[in-house]
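Peer 1: One structure is given below, represented as structure tokens, and several questions about it will come after.
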Amino acid sequence: MVNRKYDNLISGQWVAGVKYAPNINPSNINDVIGDYAQADAVQLDLAVQAAQAAFPAWSTGNIQARADALDKIGTEILSRREELGTLLAREEGKTRPEGIGEATRSGNIFKFFAGECLRLTGEIVPSVRSGVSVEITREPVGVVGLITPWNFPIAIPAWKIAPALAYGNCVVLKPADLVPGCAWALAEIIARSGIPAGVFNLVMGRGSVIGDPLVNHPGVNAISFTGSQSVGGRIAQQCVLNLKKVQLEMGGKNPQVILDDANLTQAVELCVQSAFFSSGQRCTASSRLIVTDGIYAKFIEGVTARMAGIKVGDALEAGIDIGPVSSLSQLEQDLSYVDIGQAEGAILVTGGERLMRATDGFYMAPALLTDTTADMRINREEVFGPVASIIRVKDYEAALAEANNTPFGLSAGIATTSLKHATHFKRHSQAGMVMVNLPTAGVDYHVPFGGRKGSSYGSREQGRYAQEFFTTVKTTYIAS
Ligand code: NAD
């Protein structure tokens, strides 16, 4: 059977790739979702040129038309959430309910930014000089390059595209080559929304082939990137050299503190949810469970018992808790970290092995490692799979110190019934997002998202804080 071909979107036209790559279902590697175009640097250049040509009209155009287009995109995503969520589960390996949830979030993001089109404000302030007034306004940045990872194939493109367009920028999107299906579906919806040709362009392909040319293209004014720290660091250097605006959202090694006074059932559930669901492939997943002495034994017993009930299987099968991991290389990385942890002295309590199912996929039993210490690689490096380690500490102060003992700073959680400790943790956690009696993963779409230290660089994404990156400030002096 011949697979359907999916092309790049450049200047409002569907353009064949220089070659095509199959998009493979990680639950069943014999299921090919389609062949997706691979662009080269020439096509990338055409996409940037199209965005440049569209910018003058779009950036100064009618904001009601912008709002209507974004609202239309949001409405279509929401009405097709089940179909898009199923596609997402099929190409990335999240369960279908998780996929539908992510599609829903994406629709809501477009609706939110449809409203934001109409809410951009400025300031008029008195000058220190007599007879002069000062206006402070925000203008679009220009052509923005958006580079996204594979683990949220529709939500991350949505939370970059929607604010970029709302504030009057033109876009070149390069999605992760592992999961182009949702990005293509989103591009197809955008192409029919009434947005003029060239305002939004999709180029698919490998980071090494078209990512570099996108970052270094002189016609691109800003880069918003989500992905690994190693790629993000290189992109930041290139952007600084080229004096481009840059925003990076990268990895995490998120701590979840469990204190003696925590509600045990709640603590077990939130840890299992945020460590293992979505196969642990969330930048906000809890990978370090920091547990105080008094609850330590009961907590491990509770988590182990809860993990025994987790169903791992085909992402499209009803009743499954966790789908496969996204690729063979991710599976190998996850399994190798389980080995590395044990070689460093950790005890593998449960899981950590490849699972076989009816279809040939990348299934893994979630792994829990105990007796780990802060200096071990499994507690310092992002695994990005269903692997969590437990660090035992004597009290709250030691737990806080351990939580902050990481080069990352994305999300941090505490499970406690103590107002004093929860309040202190909120203030002293070195993470960009803090969760009290909630999983470290799972955030709202209308408020800022991002981290500190090695997790993020530049201004925040999402909510109205997104305008910081997608606009530039102009100060105008007027003699009266
Ligand atoms: P990755 O860094 O390998 O790839 C991310 C994107 O960058 C992809 O589109 C890739 O093709 C592109 N890319 C690769 N090399 C490039 C280059 N030289 N120039 C330009 N672009 C290039 O990351 P991944 O494996 O797709 O995603 C997993 C990572 O993403 C994890 O580290 C995870 O923590 C992180 N992540 C962070 C957040 C967040 O908001 N903090 C959210 C989701 C995922």
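The values are calculated or read from the model by the stated rules, or taken from the named source; none is laboratory data. Since the model is a prediction, treat every value here as computed from it, not as a measurement. Cβ: placed from backbone, ideal geometry, glycine included. Neighbour counts: every protein chain shown. Calculation scope for accessible area: heavy atoms of the full protein, side chains included, ligands and nucleic acids excluded. Shrake-Rupley method; radii C 1.70, N 1.55, O 1.52, S 1.80 Å.
Peer 1: Can Gly194 be described as open to solvent by less than 10 Å² (accessible area, probe 1.4 Å), small (Gly, Ala, Ser) and not in a strand (DSSP E or B)?
Peer 2: It is false that Gly194 is open to solvent by less than 10 Å² (accessible area, probe 1.4 Å), small (Gly, Ala, Ser) and not in a strand (DSSP E or B).
Peer 1: Give Leu70, Leu87, Leu44, Leu9 a once-over and let me know the one that is under 22 Å from Gly205 (Cβ atoms), at pLDDT 95 or above, open to solvent by less than 40 Å² (accessible area, probe 1.4 Å) and in contact with a Cys (Cβ under 8 Å, 6 or more places away or on another chain). Let's see the steps before the verdict.
Peer 2: On the way: Leu70 fails: under 22 Å from Gly205 (Cβ atoms); Leu44 fails: in contact with a Cys (Cβ under 8 Å, 6 or more places away or on another chain); Leu9 fails: in contact with a Cys (Cβ under 8 Å, 6 or more places away or on another chain).
Exactly one of Leu70, Leu87, Leu44, Leu9 is under 22 Å from Gly205 (Cβ atoms), at pLDDT 95 or above, open to solvent by less than 40 Å² (accessible area, probe 1.4 Å) and in contact with a Cys (Cβ under 8 Å, 6 or more places away or on another chain), namely Leu87.
Peer 1: From the list Gly232, Gly227, Gly251, exactly one residue is at pLDDT below 95 and near the ligand (Cβ under 9 Å from one of its atoms). Which is it?
Peer 2: On the way: Gly232 fails: at pLDDT below 95; Gly227 fails: at pLDDT below 95.
Just a single option satisfies the conditions, and that option is Gly251.
Peer 1: For residues that are among the small types (Gly, Ala, Ser), within 27 Å of Gly409 (Cα to Cα) and free of Cβ contacts under 8 Å to residues at least 60 places away in the same chain, scanning just region 202-238, find the one that is most open to solvent (accessible area, probe 1.4 Å).
Peer 2: Within region 202-238, the match that is most open to solvent (accessible area, probe 1.4 Å) is Ser230.
Peer 1: I'm trying to understand the selection: among the residues of region 164-215, which are closer than 24 Å to Arg460 by Cβ, in contact with a strand residue (DSSP E or B) (Cβ under 7 Å, 6 or more places away or on another chain) and within 14 Å of the ligand (Cβ to nearest atom)?
Peer 2: Scanning region 164-215 gives Val172, Leu173, Lys174, Ala183, Gly211, Leu214, Val215.
Peer 1: Which residues, taken from region 54-78, are over 23 Å from the mean Cα position of the chain (by Cα), of a type outside the set (A, V, I, L, M, F, W, C) and part of a helix (DSSP H, G or I)?
Peer 2: Initial filter on region 54-78 (over 23 Å from the mean Cα position of the chain (by Cα)): 54-69, 72.
Now narrow it down to the ones that are of a type outside the set (A, V, I, L, M, F, W, C): 56, 59-62, 64, 66, 68, 72.
Hits for region 54-78 are Pro56, Ser59, Gln64, Arg66, Asp68, Lys72.
Peer 1: Then there is this: Does Ile154 count as open to solvent by less than 10 Å² (accessible area, probe 1.4 Å) and either closer than 23 Å to Ala16 by Cα or not assigned by TED's automatic domain parsing to the domain that holds Ser11 (or both)?
Peer 2: yes
Peer 1: Then there's this: Please find, among Pro407, Pro448, the residue that is within 16 Å of the ligand (Cβ to nearest atom), modelled with pLDDT of 95 or more and assigned by TED's automatic domain parsing to the domain that holds Leu335.
Peer 2: Of the residues listed, the single one that is within 16 Å of the ligand (Cβ to nearest atom), modelled with pLDDT of 95 or more and assigned by TED's automatic domain parsing to the domain that holds Leu335 is Pro407.
Peer 1: Going by the conditions given, is Val240 within 16 Å of the ligand (Cβ to nearest atom) and over 21 Å from the mean Cα position of the chain (by Cα)? Quick ask: steps written out before the conclusion?
Peer 2: Numbers: within 16 Å of the ligand (Cβ to nearest atom): yes; over 21 Å from the mean Cα position of the chain (by Cα): yes.
Yes.
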